[in-house]
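Asks: I have a structure here, written as structure tokens, and I will follow up with some questions on it.
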Amino acid sequence: MRLLSKILLFTVFVAVFTSCDKEPDRPDYYYRFKVNGVQKEFKANTDSGILFLEDPNAANRYMLFNMTTGRDNEKNALFISLRTLESITIGTRYEMQLGITVNNTVVPRITVLYFDENGDRFIADLLQTDNPGARDDAWVIFDELIQEGSYGRFEATIYSVDDDGELSERQDMFITDGEFFIPNFISLR
């Protein structure tokens, strides 16, 4: 009888815990790219995503890409901001050096900030037309926008944040073959 009670209790226990609603699986979000030819590949953490700021009263639209992994958002992380006048379209190549006017000032369409595995910071944020010798550059393409997230590609020419020497003499760092699949977050300001 005691064995029967234990089996019945175990059966009830299993039935209760297996009938609970299971949280839906999270897609395998990722970002990957090469830095000066060396492959970097990361599984995106829950802080990763693209924030789409759509303000119906403003001419500019703003997207902030947050690609982070692990617990330290200042290592192996990539942040990209993108400004545009129109809604995002699939296959359009958004380029940093095609400046955009914000508050009567022409600014880069894209800004890139990269933290390497040591936490060293690299950036692309200068318009070449306004900064003789600067070679900062970047582009982003959206390949697919779905409910779960955005797929796309990117590349950038970035520089150490700590390099305050002559712009034309800074050490180039190239981010190439960039790809991402990260969640979308939409905000109507």
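The values are calculated or read from the model by the stated rules, or taken from the named source; none is laboratory data. Just so we're clear, the structure is a prediction, and the values are computed from it rather than from any experiment. Note that we place each Cβ from the backbone using ideal geometry, even for glycine, and neighbour counts take in every protein chain shown. Areas reflect the complete protein model, heavy atoms only, side chains present, ligands, DNA and RNA absent. Shrake-Rupley method; radii C 1.70, N 1.55, O 1.52, S 1.80 Å.
Asks: Give the long-range amide H neighbours of ALA138: residues separated by 5 or more places, or on another chain, with amide H under 5 Å away, using H modelled in the peptide plane at 1.01 Å from N.
Replies: MET96, GLN97, THR157
Asks: Can you compute 3J(HN,Hα) from phi for each residue in region 134-145, using the Karplus curve 6.51 cos²θ - 1.76 cosθ + 1.60 with θ = phi - 60°, rounded to whole Hz and x for Gly and Pro?
Replies: 5, 10, 3, 6, 5, 8, 9, 10, 8, 9, 7, 10
Asks: Same structure again: Determine which aspartates and glutamates satisfy two conditions relative to LYS40: a Cα distance under 19 Å, and not lying fewer than 8 residues away in the same chain.
Replies: Here the aspartates and glutamates satisfying the reach criterion relative to LYS40 are ASP28, ASP72, GLU74, ASP116, GLU117, ASP120, GLU155, ASP172, ASP177, GLU179.
Asks: Note down the magnitude of the dipole of region 87-189 about its Cα centre, charges +1 on Lys and Arg C-beta and -1 on Asp and Glu C-beta and zero elsewhere, to the nearest 20 debye.
Replies: Details: 7 positive and 20 negative charges, 124 e Å.
Here region 87-189 has a charge dipole of around 600 debye.
Asks: Non-local amide H neighbours of VAL161 (under 5 Å, H modeled in plane, Pro and chain starts lacking H): which ones?
Replies: HN-HN under 5 Å from VAL161: ARG121, PHE122, ILE123.
Asks: Counting only protein heavy atoms and using a 1.4 Å probe, what share of the accessible area of region 132-181 belongs to carbon plus sulfur, as a whole percent?
Replies: 43
Asks: Right, another one. Taking θ = phi - 60°, what integer Hz values does the Karplus form 6.51 cos²θ - 1.76 cosθ + 1.60 yield along region 67-74, in sequence order, with x for Gly and Pro?
Replies: Working through the residues one at a time gives 10, 10, 9, x, 9, 9, 6, 10 Hz.
Asks: If DNA, RNA and ligands are ignored and the probe is 1.4 Å, what is the ranking of VAL112, VAL38 by accessible area, most exposed first? Walk me through the numbers on the way to the answer.
Replies: Values: VAL112 5, VAL38 85 Å².
Sorted by accessible area, descending: VAL38, VAL112.
Asks: Considering only protein heavy atoms and a probe of 1.4 Å, how much of the accessible area of region 55-117 is carbon and sulfur, as a whole percent?
Replies: On the way: 1530 of 3260 Å².
On region 55-117, the fraction of accessible area on carbon and sulfur atoms equals 47 percent.
Asks: Based on the Cβ-Cβ distance of LEU98 and ASP143, what FRET efficiency does E = 1/(1 + (r/R0)^6) give at R0 = 22 Å, to the nearest 0.05? Mind dumping the intermediate values first?
Replies: Numbers: r = 20 Å, r/R0 = 0.90.
Calculated transfer efficiency: 0.65.
Asks: Using protein chains only and a probe of 1.4 angstrom, how many square angstrom of VAL161 are accessible, to the nearest 10?
Replies: Probe radius 1.4 Å; accessible area of VAL161 about 60 Å².
Asks: For region 117-189, report the accessible area per residue in Å² (1.4 Å probe, heavy atoms, rounded to an integer).
Replies: Counting only protein heavy atoms, the per-residue value for region 117-189 is 55 Å².
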